[in-house]
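The values are calculated or read from the model by the stated rules, or taken from the named source; none is laboratory data. Predicted model, so just to flag it, every value in this text is computed and none were measured. Please note: Cβ atoms are built from the backbone with ideal geometry, for glycine as well, and neighbour counts cover all protein chains shown. With ligands, DNA and RNA removed, areas are computed over all heavy atoms of the protein, side chains included. Shrake-Rupley method; radii C 1.70, N 1.55, O 1.52, S 1.80 Å.
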Amino acid sequence: TACTNEIIEVRATGADSFAWDNGPNTSNYEFNVQGTEYKYVTGFNASGCQARDSVLITENVGPILVPMRDTGACFNSLITIYTETVADNLLWNNGNTGDSIRERILTPQTYTLVATNVNGCEVRDTVEVGRYIPPTGSLSPSSDTTICEGTSLAVTASGGATYEWSNGETTATALLQPTELTNYIITIRSAEGCEDIEEITIDISPLPVPAFSFNAFEDSIVFENESTLAASYSWDFGDGNSSTDENPFNVYDSSDTYTIILTATNECGSRDSSLDIDVEVPVIVNSIEDAAQWGKALFYPNPTTSSINFVMDNQIVGEMQVSVLDINGKVLHTTPQTKATSQLTGSIDLSEYVDGIYFLELRINEAVLRSRVIKH
């Protein structure tokens, strides 16, 4: 009795020569057991006489095993090795007795499986498990960064065979365009499937948000800047004048509808805000005397940083009141002065007043002359 595929030897004696059916012409016969069968031998002596004998070989069926294929696993990863074996008992060299083992691979390993049946037959198989080294991935840029609103950033990964971004892209270079603070994760895989995880966080630096309101004072408009996230400003008042002040004002010479454009700028760019404003420039009419009787009247410098000088040449004489009025017409200061001749010069000190628009009013009897000046 022998197990399937077991190599056994049978030997014949008692003759000078031998012949095995379908076998060698020797006294011994070595073969693999492939089933239950008889082996026949004929023996001859020198006289030509012969004798015949047989032996029964009974096969014990051994385990059925499909050879395992060598494989590999990434460093420090768990791998499960399965066997397709029909046997009464299984024994791995690590002591496991199931049809699979699960191992963490730190170094290359060789695993052996012995499969046995209750009749004592066994088969063996081995599997080699190589250790794969994970890739060493990198990103460019390599650190978290900030980009301007509405722009994109090309981030390139390297060190792997394939790439998978958390936003679904599968190329080495991903064009990232977040709308808010976003963390991107990339899985970098080697040809064997080992992984390295890299990540980058991209923040957004927003564009400025331009906004403004205004207050109208007759022909003068004072603007209040309500922009956010801006570093500098540019104003177009629609009449050819402009300013880079944060909260400017503008004096218009004629009544019209003007388009005001505020451009707010920061390191990421510029944005505009516009508004149409109807401006009515008042006409000051002397209720008593026609303005022509004041003749030539000159106020300078205008705008001024301190004082306004005035020069007049007319035939009006008498006690004169020189007044400073605010933009709303409220009298802030009055100085009496006598005009006894046709020509008169003088000066009005505005150095203590805040920057803004004022009116200088000259009044003699019932004759009034009012001029707009700017302290800036």
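Just a few scattered comments:
- Just one of the listed residues (N89, N32, N94, N28) is within 30 Å of Y132 (Cβ to Cβ) and either at pLDDT 95 or above or of a type outside the set (D, E) (or both), namely N94.
- Criterion (surrounded by 14 or more Cβ atoms within 10 Å (Cβ to Cβ), among the small types (G, A, S) and either part of a strand (DSSP E or B) or in contact with a Gly (Cβ under 6 Å, 6 or more places away or on another chain) (or both)) met by exactly one of G43, G62, G23: G43
- Among residues of the stretch 357-376 that are more than 20 Å from P248 (Cβ to Cβ) and assigned to a loop (DSSP other than H, G, I, E, B), those with a beta-carbon under 8 Å from a residue that is open to solvent by less than 70 Å² (accessible area, probe 1.4 Å) and not aliphatic (A, V, I, L, M) at least six positions away or on a different chain give the pairs N365/G318.
- Some residue of the stretch 144-161 being without any contact (Cβ under 8 Å) to a residue 12 or more places away in the chain and not in a strand (DSSP E or B): no
- Condition met for S190 (open to solvent by less than 30 Å² (accessible area, probe 1.4 Å), of a type in the set (G, A, S) and in contact (Cβ under 8 Å) with a residue 40 or more places away in the chain): yes
- Verdict on T341 being assigned to a strand (DSSP E or B) and open to solvent by 20 Å² or more (accessible area, probe 1.4 Å): no
- Scanning the stretch 108-142 for residues that are assigned to a loop (DSSP other than H, G, I, E, B) and open to solvent by less than 70 Å² (accessible area, probe 1.4 Å) yields N117, N119, G120, C121, P134, P135, G137, P141.
- Output for the stretch 188-205, where each listed residue is charged (D, E, K, R) and either under 28 Å from N76 (Cα atoms) or outside any strand (DSSP E or B) (or both): R189, E192, E195, D196, E198, E199
- So S307, is it of a type in the set (S, T, Y) and in contact with an Asp or Glu (Cβ under 7 Å, 6 or more places away or on another chain): yes
- Hits in the stretch 207-238 (condition: closer than 24 Å to S254 by Cβ, part of a loop (DSSP other than H, G, I, E, B) and open to solvent by 50 Å² or more (accessible area, probe 1.4 Å)): E218
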